[in-house]
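Contents: one structure, followed by commentary.
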Amino acid sequence: MKLYDAAWAPNPRRVRIYLAEKAISIERVAIDLRADEQLGDSYRRVNPRGTVPALVLDTGEVIADSVAICRFLEALHPEPPLFGTRAIEVARVEAWTRRVEQDGYAAAVYALRERAPRFADRALPGHWPPVPQIPELATRAATMWTRFAAALDERLAESEWIAGEGYTFADVSALVTIDFARAAALDMPADAVHLRRWHAAATARPSAGA
Ligand SMILES: N[C@@H](CCC(=O)N[C@@H](CS)C(=O)NCC(=O)O)C(=O)O
């Protein structure tokens, strides 16, 4: 197997943190997003979408999505479980991961890609004809982020980790999202004490440096 990876980008980091938590080692190939290597012919022969991460299997099949890569690896290496074990745990991890993506990660992407000059005409990631920015979505992002941070703070007032007692992929997704959102000037509110407690604990895990 070979993992196409990229520094600083959130979805590749999700996979790296997952791999570190599971102590799984996979050969990695670094793609330089700042040089737009993901859009070049060579990488697009691996993943025509022009996005990272992508996992190339020994059969040649390519999994070009961070969550799908982690779920594939979870099926191969179930211990320690990061997607839950009991039915209700699996449902909680899934529900929170989707909420993090739809409410938090989407807000961070809107705030960054719909406004930053370097993403002009590249409002969507990967290989597309020019996609113009919609600055109103960057404005909407602030509202989404406020609601997301409040919901997460409320959840973490009642639970040590996002999906329950143990660290799961929902925590991986939220950590990556919160760190990424700072690049778009979206941060944890000062009074979100439970969220801040959780963020410090997640950041203290060795996997956070992956
Ligand atoms: N749903 C995909 C999204 C992949 C994605 O958007 N990757 C970004 C980096 S986080 C990318 O490749 N961006 C390239 C670009 O902006 O051209 C996943 O979870 O892997």
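Throughout, read-outs are computed from the coordinates displayed, never taken from laboratory work. Because the structure is a prediction, the values reported are computed rather than measured. As a convention, Cβ positions derive from the backbone with ideal geometry for all residues, glycine included, and neighbour counts pool all protein chains shown.
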**Q.** Net charge over other residues, Cβ less than 10 angstrom from the Cβ of PHE169 (K, R count +1; D, E count -1)
**A.** -2
(Q) Between region 1-80 and region 125-160, what is the separation of their alpha carbon centroids in Å? (A) 24 Å
Q: Quick one: which residues, 5+ away or cross-chain, put their amide H under 5 Å from the amide H of VAL131? H built at 1.01 Å from N.
A: ARG122, ALA123, LEU124
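In nm², what is the average projected area of the convex hull enclosing the Cα atoms of the chain?
Averaged projected hull area, Cα only: 11.6 nm².
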Q: Work out the charge dipole of region 1-145 with +1 on the Cβ of Lys and Arg and -1 on the Cβ of Asp and Glu about the Cα centre, then indicate which of VAL100, LEU33, ALA54 is farthest towards its positive end.
A: VAL100
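Relative contact order of the chain, please, whole-number percent, based on alpha carbon pairs below 8 angstrom and at least 6 residues apart.
Value for the chain: 22 percent.
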Q: Return the tail of the calculated pair distribution for region 60-144, meaning the percent of Cα-Cα pairs more than 21 Å apart.
A: 49 percent
(Q) Explain nothing, just compute: Karplus ³J(HN,Hα) = 6.51 cos²θ - 1.76 cosθ + 1.60, θ = phi - 60°, for every residue of region 86-93 in order, whole Hz, x for Gly and Pro. (A) 5, 3, 5, 5, 4, 5, 5, 4
Q: Among ASP65, ASP171, rank each residue by its count of other Cβ atoms within 10 Å, from fewest to most, as a rough exposure measure.
A: ASP65, ASP171
Q) In a shell of Cβ-Cβ distance under 12 Å around ASP58, excluding ASP58 itself, what net charge do Lys and Arg (+1) and Asp and Glu (-1) give? A) -1
**Q.** Whole-Hz couplings from phi, Karplus 6.51/-1.76/1.60, listed for region 182-191; x for Gly and Pro
**A.** 4, 5, 9, 6, 10, 10, 6, x, 4, 8
Q. Given +1 on the Cβ of Lys and Arg, -1 on the Cβ of Asp and Glu, and no further charges, what dipole in debye does region 80-162 carry about its Cα centre, rounded to the nearest 20?
A. 260 debye
Q) Out of residues 5 or more away from ASP65 or on other chains, whose amide H comes under 5 Å of its own, with H placed 1.01 Å from N in the peptide plane? A) LEU55
Q) What percentage of all Cα-Cα pairs in region 115-210 are separated by more than 19 Å? A) 49 percent
